[in-house]
Amino acid sequence: MKRTFQILALLFAFSISFNSCDTRVDLYAEYKDIPIIYGLLDATQDTNYVKIVRAFSNNNENPVSATDIALIADSSNYPGKLDARLIEIDRTYGNHYEPTGRVIILDTMTLHHKDSGAFYYPNQKVYYTREHLRNNSNNHDYKYRLQVIKGTDTITSTTGMVGGDNFRISNANVVFDPNSTETKKFAFTPAQNAYIYSARMRFEYTESLPGQPLTQKSIEWSLGSYPASELQIEDGFYHIKYIENSLFNLLGRAIGGDTLNATRYMGNFYIMLAAGGNELYNYIEINSPSGNISQNISDYTNINGGYGIFSSRINLKKKVDLSSQTKTKLIGISSWGFRQGK
């Protein structure tokens, strides 16, 4: 009987603010060791992770459910530790990029908090570094080249760094109105090398129901993801819109109707913004979420000698104030029992 193999790739579950992509490989061919790499570098983080695994196989002479294979760690992980490193590159005069001489060796560690799902959990083997990655400035435009040596094969990929000294959210406060469906905007300066942005808002408060102690509460919601090409520059700023009654609508659902005699204190309000690199943008655009364990191999990869995605991102989180009008209207809904922060 002709042997065929079913190959599936493991997607590393990143804590990223962008839409989740669930892309796996489903090919029938003679088995070949296929490296699968996922990494998103962030110069603002203390630790950066890269997931390096292999496609796994199942032969038709001794068929085993792909679902069962996915739950076996050794079917995806390479044994031991591969030679994996980041090579730092910087722009020189004439816009040429040259290695700076800095080489960061990636070590391995096991994470123990992966949620249950189609692939093995809760332990996950990852490659990581706690060395500081350099962000961009007016005089520097850093890139990092990933190099993984597997036997006689060398797998590589290169990404620029998203961010820069001038990337910031400019708003000092935000305005909400329970009776308005109009839009407001918050403003931010573009991030260097960013091709996609994703925004969220978060409101924190404390709550005490009759006879109960104060409890920390929060609501958080997405404002969507936007390619940089779709955002208009106005006086050097990008703007993302939000609906003026959104805070009140979400609070109404969270609090419910029967809250008489409750006491609540307003807490912090945050705008959270994530920016992603060109490779991440291309990957999100080409791949769509799938509810199945397998699908056709992704049309996009920037891994030379394998499949996956190696890119960069940056996350901003800024505490802003609710406008005085917003606070007054929150306090004015008597059944909610809001007061100024405590």
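The combined condition, being at pLDDT below 90 and buried (at least 17 other Cβ atoms within 10 Å of the Cβ), is not fulfilled by residue 5. The single condition among (1) under 27 Å from residue 309 (Cβ atoms); (2) assigned to a loop (DSSP other than H, G, I, E, B); (3) open to solvent by 70 Å² or more (accessible area, probe 1.4 Å) that residue 213 does not satisfy is (1).
Selection of the range 318-342 for residues being assigned to a strand (DSSP E or B) and modelled with pLDDT under 95 yields 338, 339.
Taken over the range 144-158, the residue count meeting the criterion of being at pLDDT 95 or above and either of a type in the set (A, V, I, L, M) or crowded, with 16+ Cβ neighbours inside 10 Å (or both) is 10.
Might you let me know whether the range 161-182 holds any residue that is closer than 30 Å to residue 35 by Cα and part of a loop (DSSP other than H, G, I, E, B)? Give the steps one after another, and end with the answer.
Step one: list which residues in the range 161-182 are closer than 30 Å to residue 35 by Cα, which gives 161-163.
From the residues that got through so far, the ones that are part of a loop (DSSP other than H, G, I, E, B) too are 161-162.
Yes, the range 161-182 has at least one match.
None of 196, 240 is under 30 Å from residue 35 (Cβ atoms) and open to solvent by less than 20 Å² (accessible area, probe 1.4 Å) except 196.
Give the residues of the range 319-337 that are touching a residue at least 12 places away in the same chain (Cβ under 8 Å) and either over 26 Å from residue 210 (Cβ atoms) or within 35 Å of the chain's Cα centre (by Cα) (or both), sorted by residue number. Scanning the range 319-337 gives 319, 320, 321, 322, 323, 325, 326, 327, 329, 330, 336.
Of all residue pairs spaced 6 or more apart or on separate chains, those with beta-carbon atoms under 6 Å, a first member in the range 192-208 that is farther than 17 Å from residue 319 by Cα and free of Cβ contacts under 8 Å to residues at least 60 places away in the same chain and a second member that is part of a loop (DSSP other than H, G, I, E, B) and open to solvent by 30 Å² or more (accessible area, probe 1.4 Å) are 208/214.
When the residues of the range 48-76 are filtered to those that are open to solvent by 20 Å² or more (accessible area, probe 1.4 Å) and modelled with pLDDT of 65 or more, the one that is nearest to residue 135 (Cα to Cα) is 49.
Listed conditions (1) modelled with pLDDT under 90; (2) within 25 Å of residue 218 (Cβ to Cβ); (3) open to solvent by 20 Å² or more (accessible area, probe 1.4 Å) are all met by residue 262, apart from (3).
The residue that is most open to solvent (accessible area, probe 1.4 Å), counting only those in the range 216-235 that are free of Cβ contacts under 8 Å to residues at least 12 places away in the same chain and in a loop (DSSP other than H, G, I, E, B), is 235. Any residue that is outside any helix (DSSP H, G or I) and at pLDDT below 95 - is there at least one of those in the range 249-256? Yes - at least one qualifying residue is present in the range 249-256. Annotation: of all residues in the range 243-259 being touching a strand residue (DSSP E or B) at 6+ places or on another chain (Cβ under 9 Å) and open to solvent by 50 Å² or more (accessible area, probe 1.4 Å), the one that is nearest to residue 210 (Cα to Cα) is 254. Tell me, yes or no, whether the range 174-182 has at least one residue that is of a type in the set (Ser, Thr, Tyr), over 25 Å from the mean Cα position of the chain (by Cα) and open to solvent by 70 Å² or more (accessible area, probe 1.4 Å). Yes, the conditions are met somewhere in the range 174-182.
The values are calculated or read from the model by the stated rules, or taken from the named source; none is laboratory data. Here the structure is a predicted model, which is why all the values come from computation and not from measurement. Cβ coordinates were reconstructed from backbone atoms using ideal geometry, including for glycine residues, and neighbour counts include every protein chain displayed. Surface accessibility is based on the protein's heavy atoms, side chains included, excluding ligands, DNA and RNA. Shrake-Rupley method; radii C 1.70, N 1.55, O 1.52, S 1.80 Å.
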